[in-house]
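Single-structure report; data block below.
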Amino acid sequence: MSAAIGDPATDFLVLQDVRTHFDLGRDFLTRQSKGVVKAVDGVSLTVRKGEVLGLVGESGCGKSTLSRTIMQLIRPTSGQIWLEGEELSAISDQDIRETRKNFQMIFQDPYASLNPRMTVMDTLAEAIRTRHPGLNAEEMRGRVSDLLRTVGLNPVQMKRYPHEFSGGQRQRIAIARALAPEPKLIIADEPVSALDVSIQSQILNLLKRLVREMGLTMIFISHDLSVVRYVADRIAVMYLGHIIELGSAEAVVDKPLHIYTKALMSAIPLPDPRAEKARTRIILPGDLPSPLNPPSGCVFWPRSPVEHDERLKTVPPGFAEVYPDHWAADCPFCVEKPA
């Protein structure tokens with residue numbers, strides 16, 4: 001087992017060589033295969049208990065597919081996933097429903113993630129009953145009230161419907177719903193990207209407070225490195241179904257190793273106009289390759305401004321610890337290593 005992967009017996013969440021591929025089937029007329037989409041293609045990762053792991057990358061890199069694979073909403077094609085020593089990928093389809101109580105998700109769009117025909121009370125009560133099915137009406141009302149206070153809403157609003165709330169308030173309700181079943185892991189999939197900038201900071205501060213006060217473990221997915229740095233303890237950078245850099249939030253943002261991470265950082269606007277004008281942007285050539293036909297070898301070589309040799313165009317690089325607890329793809333053309 002690679003040193004980058006934790007110990008399934010002691011670490012909170014461990015992924016080893018997880019692959020999630022989607023077979024597109026065969027053409028109706030020719031009966032030839034339409035191909036296989038390699039959305040997640042060999043991810044090994046450890047999430048420590050009580051931490052926030054940021055997962056970043058551009059659209060189409062496999063972030064959301066990986067999160068749904070961890071939750072077993074999509075079964076992995078191969079590889080293993082352990083949660084507190086239990087191998088999730090080995091649990092049968094009949095038993096996985098009970099295990100899913102340990103996972104909750106906060107979705108990107110609060111307008112779409114809440115049932116418009118259910119009051120806040122009904123929405124939260126439904127989630128609470130998955131863990132506490134025997135509560136009476138008074139006990140349920142008390143738990144719903146506590147949840148609403150926890151996320152900064154007034155319990156008198158529990159009889160209202162989602163359309164009676166603002167976008168930020170709806171996302172608070174979605175967060176309360178995620179907390180209701182008392183999960184072991186929360187996955188926040190772009191939870192602030194659909195909100196106004198003025199509301200984003202409030203939701204981010206709320207999530208940080210909940211993680212600190214409730215001891216939550218969270219995977220925070222975003223394409224915005226500046227947002228992830230504010231929330232996360234560690235950051236994993238994903239590209240075309242692979243993790244290409246992993247380290248503390250400060251190390252990945254302030255001293256990125258992979259040229260792709262550097263390009264992501266250079267795309268973040270700076271508040272100082274003079275600093276913004278003086279810096280050099282890294283413009284990557286070409287477009288993101290299709291996961292239907294990913295490049296062989298180093299997956300980044302078609303977009304790299306540095307020409308790769310033929311070996312790295314055919315043989316995939318490993319994953320190396322460049323600095324203590326700061327890992328990157330072991331490609332000398334993508335990663336500048338210390339002398």
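Laid out as a table, the results:
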| item | result |
| --- | --- |
| Lys, Arg +1 and Asp, Glu -1 on Cβ, resulting dipole of the chain about Cα centre, debye, nearest 20 | 820 |
| Debye, to nearest 20: dipole size of the stretch 7-78, +1 on Lys, Arg Cβ, -1 on Asp, Glu Cβ | 300 |
| Using a Förster distance of 22 Å, the FRET efficiency for E126-K49 (Cβ separation, nearest 0.05) | 0.20 |
| Relative packing of 298-309, 36-47, which averages over residues the other C-beta atoms within 10 Å, highest first | 36-47, 298-309 |
| Those trypsin sites (Lys or Arg not before Pro) in the stretch 103-143 that DSSP places in a loop and that have at most 16 other beta carbons within 10 Å | R117, R131 |
| Antiparallel content of DSSP bridges confined to the chain, in %, to 5 | 65 |
| Inter-centroid distance (Cα atoms) of the stretch 250-309 relative to the stretch 1-73, Å | 22 |
| Simple Cβ-charge dipole of the stretch 275-339, Lys/Arg +1 and Asp/Glu -1, about Cα centre, in debye nearest 20 | 240 |
| Sequence of H326, H163, H21 once ranked by neighbouring C-beta atoms within 10 Å, starting from the fewest | H163, H21, H326 |
| Listed values (i) 21.1; (ii) 19.6; (iii) 22.1, entry calculated as mean projected area of the Cα convex hull in nm² | (i) |
| Net +/- balance of residues flanking V322 in space, Cβ distance below 12 Å, scoring K and R +1, D and E -1 | -3 |
| Helix-only [θ]222 nm of the chain, DSSP H runs n ≥ 4, -39500 (n - 2.57) each, per residue, nearest 500 | -8000 deg cm²/dmol |
| Chymotrypsin sites (Phe, Trp or Tyr not before Pro) restricted to DSSP loop in the stretch 1-72 with at most 14 other C-beta within 10 Å | F28 |
| Cβ crowding within 10 Å averaged over residues, with 63-73, 89-99 ranked highest first | 63-73, 89-99 |
| Degrees between helix 120-129 axis and first principal axis of the chain (Cα, 0 to 90, nearest 10) | 80 |
| Other-chain or far-sequence residues with amide H under 5 Å of E51's (modelled H) | M218 |
| Karplus-derived 3J(HN,Hα), 6.51/-1.76/1.60, for each residue of the stretch 190-206, Hz, glycine and proline x | 6, x, 10, 5, 8, 9, 4, 4, 5, 8, 4, 4, 5, 5, 5, 5, 4 |
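Rule-based calculations on the coordinates, nothing more; no lab input. All values reported here derive from a predicted model rather than from experimental measurement. No Cβ is skipped: glycine too gets one built from the backbone with ideal geometry, and neighbour counts run over all protein chains shown.
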